Amino acid sequence: MFRLDKKVALVTGASRGIGRATAIAMASSGARVVVHYGKNRDAAEEVVKIIGDAGGEADIATFDITNSESVEAEIASVEKRHGRLDILVANAGIAVDGLALRLRDEDLDLLWQTNVRGSLMAAKSALKTMLRPKQGRVIFVSSVVGEMGNVGQTAYAATKAALLGAAKSLAREFASRNITVNVVAPGFIDTDMTAKLSDEQREQLTKIIPLGKTGSPNDVAAACVYLASDAARYVTGQVLRVNGGLYM
């Protein structure tokens, strides 16, 4: 329904989970997708193969999301290879859980460098390429805990909340250039991050979700495709919650 024909999309952290599903969904909607990975090249190549086997177009980009020079150089290379960059999905991120009083400085630094600084640097570099044609879509992948908080995730929640403020500010800065900036905030999605939950924890969790179940990466990917499409041309500075009603 939401087409991305002739668009070039970069999805960070696309070798697994939500990023993987988003890359595949955008390719199936007609976009040429750049699959970013940090460490697992084999997984990224598998995503490219899945897209190619389905008749889509994709290639790979690798850079250290915490290294500004690496981010800027590779995104410039994406523009050079493809002649444009229309969509950025800033999805790459990590989770380090633990009670606040046990939080280590190095954990906080790594979370901030990856989830916030990395996402902002990717957005900054992508926005530079979008200014000339005066069009583009930037989508940050945040989390339900960035809005509602969660025990044992103070630092992680802080980084995901930071993306909300960043997106709203960027949306105001770039609206005059026909560039939209939005956030997708997933709830509890069946990914590697939630696989470590015990059966008991999962059962307790589903009891507080109005829809009574966890989501899939495809649910989040569909939201990203919508925000990247022309159907969302008048949507900017918004948070699209994909959480089964956990936070309203």
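Summed over the stretch 213-234, the residues that are modelled with pLDDT under 95 and either open to solvent by 40 Å² or more (accessible area, probe 1.4 Å) or closer than 18 Å to L88 by Cβ (or both) give a count of 1.
Is there a residue being of a type in the set (S, T, Y), surrounded by fewer than 17 Cβ atoms within 10 Å (Cβ to Cβ) and more than 23 Å from R16 (Cα to Cα) anywhere in the stretch 152-159? So that I can check it myself, show each step before the final result.
Restricting attention to the stretch 152-159, the residues satisfying the condition of being of a type in the set (S, T, Y) are 154, 156, 159.
If we keep only those that are surrounded by fewer than 17 Cβ atoms within 10 Å (Cβ to Cβ) as well, we get none.
Scanning the stretch 152-159 turns up no residue that is of a type in the set (S, T, Y), surrounded by fewer than 17 Cβ atoms within 10 Å (Cβ to Cβ) and more than 23 Å from R16 (Cα to Cα).
Restricted to the stretch 1-17, and to residues there that are closer than 12 Å to V47 by Cα and of a type outside the set (S, T, Y), the residue that is surrounded by the most Cβ atoms within 10 Å (Cβ to Cβ) is V11. In the stretch 207-219, is there at least one residue being part of a helix (DSSP H, G or I) and touching a Gly at 6+ places or on another chain (Cβ under 7 Å)? The answer is yes; a qualifying residue exists.
Cβ-Cβ contacts under 6 Å between residues 6 or more apart (or on different chains), taken from a first residue in the stretch 72-100 that is open to solvent by 40 Å² or more (accessible area, probe 1.4 Å) to a second residue that is of a type in the set (G, A, S) and modelled with pLDDT under 95, are listed as D97/G152; L99/G152.
Residues in the stretch 190-200 that are surrounded by 10 or more Cβ atoms within 10 Å (Cβ to Cβ) and either modelled with pLDDT of 80 or more or among the small types (G, A, S) (or both): 2 in all.
Out of I139, I51, report the one residue that is part of a helix (DSSP H, G or I), of a type outside the set (G, A, S) and open to solvent by less than 20 Å² (accessible area, probe 1.4 Å).
Values: I139 fails: part of a helix (DSSP H, G or I).
So the residue among I139, I51 that is part of a helix (DSSP H, G or I), of a type outside the set (G, A, S) and open to solvent by less than 20 Å² (accessible area, probe 1.4 Å) is I51.
Looking at this structure, is K134 out of contact with any Leu (no Cβ under 7 Å at 6 or more places or on another chain), under 18 Å from E173 (Cα atoms), of a type in the set (K, R) and not in a helix (DSSP H, G or I)? In short, yes.
Output the number of residues of the stretch 4-41 satisfying the condition of being closer than 21 Å to D190 by Cα and either acidic (D, E) or assigned to a strand (DSSP E or B) (or both). Residues meeting the conditions: 4. The selection criterion, being of a type in the set (V, I, T), part of a helix (DSSP H, G or I) and more than 21 Å from D219 (Cα to Cα), holds for T159. Is there a residue being surrounded by fewer than 21 Cβ atoms within 10 Å (Cβ to Cβ), touching an Asp or Glu at 6+ places or on another chain (Cβ under 9 Å) and not in a loop (DSSP other than H, G, I, E, B) anywhere in the stretch 107-126? Yes, some residue in the stretch 107-126 is surrounded by fewer than 21 Cβ atoms within 10 Å (Cβ to Cβ), touching an Asp or Glu at 6+ places or on another chain (Cβ under 9 Å) and not in a loop (DSSP other than H, G, I, E, B).
The values are calculated or read from the model by the stated rules, or taken from the named source; none is laboratory data. Just so you know, these numbers come straight off a predicted model, no measurement behind them. No Cβ is skipped: glycine too gets one built from the backbone with ideal geometry, and neighbour counts run over all protein chains shown. Heavy atoms of the whole protein, side chains included, go into the accessibility calculation; ligands, DNA and RNA do not. Shrake-Rupley method; radii C 1.70, N 1.55, O 1.52, S 1.80 Å.
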